[in-house]
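The values are calculated or read from the model by the stated rules, or taken from the named source; none is laboratory data. Since we're looking at a predicted model, the values are computed, not measured. Positions of Cβ are backbone-derived with ideal geometry, glycine not excepted, and every protein chain shown enters the neighbour counts.
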Amino acid sequence: MLVRRRVLSTGRNWKPSTLAVHADNDPTSFTHDWDVSPPIGVSTTFERKANSGPDVYSRESCPTRGRCEAVLSALCGGQARLFSSGLSATHAALSALSSDEGKKRRVLISGGYHGTHAVVDNLKSLYEVAPLPEDPSRVAPGDVVWLETPKNPTCELSDVAAYVATGEDVVVDATLAPPPLQNCLDLGARLVVHSSTKSLSGHSDGLSGVVVSSDQRLDQKLKRHRGAVGSVPGSLETWLLLRSLRTLDLRIRRQSTTAVEVARWLGQHPRVSAVHFAAGSDLAKKQMNEAGLVGGTFAIELESENLATSLPTNLALFKDATSLGGCESLAEWRRRYDDEISPRLVRLSVGLEDPKDLIDDLAQALSQ
Ligand SMILES: *Cc1c(COP(=O)(O)O)cnc(C)c1O
């Protein structure tokens, strides 16, 4: 028998770790009332009955996605919508912000994830593109400001509030530092985008993306866009993400503090010429968290290109693979994917292994 779940009085003061476990105990979700863990809903269609819920067809909505979005909404402080990938979420965000009058807007973007630039390229009929000015006072009326903070792969931060102060639309790709590290809607961003393939999922096993909006009109545009093109994640990916969100707080805090320890060690190594990591910076403390934690991803520059290309292959615990935010540490020579990046740069994504073991692994690989 399927019954309506008990309504949990929403804990207004719950902290992120509690919300991650309980925010989907929502009266609109249907499940066996005795299930503690949510079932994987695979049905694409839902019977119309007197007591049936809001779900009709799964391109529009379905229970597992609804639960996952409820948790993401609670964690991100806005209305979250799930997409089939980070890039389809990016595409949806830009589509939702495009002009209603068919006039081209201008998107200001510099550096960051290379795939985002490919999406912008695909939206030439809606947007002109210009570099993001470092001085926010040079943002012009009508511009869309695209920030990625921390920025992939060099971990620089952008001052979100300074761009919000221009009064123009600010979108933040917050993939490298999900909640509880920062909440860019609170800082005034109109939309926040995540590749939930990365830290939100955290286990390198499901492709998906999220857009969180600050107002209902934008959310309706996102939903319409997603319904029109069908860019929804599959049932298994959605369920895996929901399952992963339960441990988000623990994972992110641990990965962030391990990264600080590993980066500090690398900063003293004679073959490492630079560490690009914003942990502990004034801006991190101002717009992220009081400890200045910024996530588990950062980059190092090595003494030579040769060392940068060989290091990922000589590591044992860090896998030589792209992506980030998973419980397995990864290292990659970023130039392989992005020719704007220094050939001496290696991006590291710190996982959930013991910090001492990761440092030992780096020590042996750097001695080769
Ligand atoms: C990986 C990534 C994306 C793209 O996400 P997919 O899920 O791979 O489509 C977007 N932005 C950033 C910062 C990323 O790291």
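Restricting attention to the stretch 100-129, and to residues there that are surrounded by 15 or more Cβ atoms within 10 Å (Cβ to Cβ) and assigned to a loop (DSSP other than H, G, I, E, B), which single residue is farthest from the ligand (Cβ to nearest atom)?
Filtering the stretch 100-129 for residues that are surrounded by 15 or more Cβ atoms within 10 Å (Cβ to Cβ) and assigned to a loop (DSSP other than H, G, I, E, B), the one farthest from the ligand (Cβ to nearest atom) comes out as 126.
Which residue, of 214, 235, is away from the ligand (no atom under 16 Å from the Cβ), modelled with pLDDT of 95 or more and closer than 26 Å to residue 17 by Cα? I'd like the intermediate steps shown before the answer.
On the way: 214 fails: modelled with pLDDT of 95 or more.
Result of the check over 214, 235: 235.
For the subset of the stretch 135-147 comprising residues that are loosely packed, with under 13 Cβ neighbours inside 10 Å and in contact with an Asp or Glu (Cβ under 9 Å, 6 or more places away or on another chain), which member is farthest from residue 166 (Cα to Cα)?
So in the stretch 135-147, the residues loosely packed, with under 13 Cβ neighbours inside 10 Å come out as 135, 137-138, 140-142.
Cutting the leftovers down to in contact with an Asp or Glu (Cβ under 9 Å, 6 or more places away or on another chain) gives us 140-142.
Working: 140: 8, 141: 9, 142: 10 Å.
Among those residues, the one meeting the criterion is 142.
Read through the list (1) closer than 24 Å to residue 243 by Cβ; (2) in contact with a helix residue (DSSP H, G or I) (Cβ under 7 Å, 6 or more places away or on another chain); (3) of a type in the set (Phe, Trp, Tyr), then give the number of the only condition that residue 46 fails.
Among (1) closer than 24 Å to residue 243 by Cβ; (2) in contact with a helix residue (DSSP H, G or I) (Cβ under 7 Å, 6 or more places away or on another chain); (3) of a type in the set (Phe, Trp, Tyr), the lone unmet condition for residue 46 is (2).
Please determine whether any residue of the stretch 176-183 is within 13 Å of the ligand (Cβ to nearest atom) and in contact with a Lys or Arg (Cβ under 9 Å, 6 or more places away or on another chain). Before you say what the answer is, go through the steps one by one.
From the stretch 176-183, those within 13 Å of the ligand (Cβ to nearest atom) are 176-178; that's our starting set.
With the extra rule that they be in contact with a Lys or Arg (Cβ under 9 Å, 6 or more places away or on another chain), the set shrinks to 176, 178.
Yes, because at least one residue in the stretch 176-183 is within 13 Å of the ligand (Cβ to nearest atom) and in contact with a Lys or Arg (Cβ under 9 Å, 6 or more places away or on another chain).
Looking at 87, 97, 132, 82, which one is in contact (Cβ under 8 Å) with a residue 40 or more places away in the chain, buried (at least 19 other Cβ atoms within 10 Å of the Cβ) and either away from the ligand (no atom under 16 Å from the Cβ) or more than 16 Å from the chain's Cα centre (by Cα) (or both)?
Answer to the check: 97.
Considering only residues that are buried (at least 24 other Cβ atoms within 10 Å of the Cβ) and away from the ligand (no atom under 14 Å from the Cβ), which ones fall in the stretch 184-211?
189
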